[in-house]
């Protein structure tokens, strides 16, 4: 069920499955076919999978376009013209979401949540543009086929490519998941350099072709410094639009506090993760609340809060790997959805959420020009403001300074990727990412 487009400079493969699929030229393809001969897979192929809205009225009589062109193949040359009044006025414009590392385990959970309407609502159509590598291209085709077979009514387009300039074209959200994992014996500085190069190139691509208001969530580790590299290479996009994912750490912290207090986790609010997504991260029990009361008034075991609670959150990923031999993919996908929803839904009054964001202008005295997890609030327009009604005591300040020092050292390690001169690595210690062994 594929059509292939060939030209000297570009090859495109499309998967079309629907009763009716509205294209930019206002044509509808309404039939599917299978070819008995496999089509060659090009290096920069693109797969388009469209599921049309059920609001579309019956098409007018089909006409066959006998002129050979680059956009149709065989039965797909059947075209339909829609009258203007047949277009449903209630349609919303597509939201274009780009995802890197789209053939990986995290994306395998995430993409179906996005397609279901869980983030943007039950009446918001989306397009998914998926970025992979040459090695993962066949798996990307499988992802596109599964999305096609799932018949999500809100999923109008799916494209796949190994070219970030194609995938990020006009993207309104960019979820940067793909990154090289830390291998045995690899120094953290080496990981910073290898993945930093990936995010430098993706930042340049976003800067060139994405929406000027694109929201970028960096998941690939080390995510704070990768987000910094990405935003430094995308000067035409507001630095405020870049996020490093620390929401999973927040979710883990809420779970541990709920277990200790004997309540359900929805009773825990105002949970902040400060700093780096590493084992220097600071789960903030000072400002967190349970049933609207300060955590320290509900859980009076200060030693547990300062030691066991903090270490459990910092090392939760590693504990999970020990249990079943792989990292947390499903819960990471959930946390990506959570932070996206926190940005497109007004924050409940008095509450906040954690996200790694650019520190310039922060009210906490944290060093500027790094990406640091802090408490955020949103009006639901995709933007955020930093919460100002927080308390920072000496204990919390000391821990914030430690994670700040690590991020400043990471920044010096990648100076060659942020346009700040020669790199110099003096990491205070070789801290682990949550989940690393």
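Residues 105, 374, 186, arranged from fewest to most other Cβ atoms within 10 angstrom of their Cβ, appear as 186, 105, 374. With the convex hull drawn over the C-alpha atoms of region 84-164, the volume per residue is 98 Å³.
Among 114-121, 224-231, 162-169, how do they line up by average Cβ neighbours within 10 Å per residue, starting with the highest?
Working: 114-121: 18.5, 224-231: 29.8, 162-169: 21.0.
Packing order, densest peptide first, comes out as 224-231, 162-169, 114-121.
Highest mean packing first, where packing is the average number of other Cβ atoms within 10 Å per residue, the peptides 150-160, 238-248 line up as 238-248, 150-160.
Length gained on full extension, residue 139 to residue 118: 5.1 nm, using 0.36 nm per residue less the C-alpha separation. Highest mean first, the peptides 299-308, 279-288 sorted by other C-beta atoms within 10 Å per residue fall in the order 279-288, 299-308.
Once the convex hull of the alpha carbons of region 107-210 is built, what does its volume come to per residue, in cubic angstrom? Let's see the in-between values first.
Details: hull volume 11.5 nm³, N = 104.
Residue-normalised Cα hull volume stands at 111 Å³.
In this simple spin-label approximation, residue 415 and residue 395 carry label points 7 Å from Cα along the Cα→Cβ vector, and these lie 3.7 nm apart.
Laboratory data are not the source of any read-out in this text; all were calculated from the coordinates shown. If you're wondering where the values come from, they're calculated on a predicted model, not measured in any experiment. With ideal geometry, Cβ positions are generated from the backbone for all residues, glycine too; neighbour counts draw on all protein chains shown.
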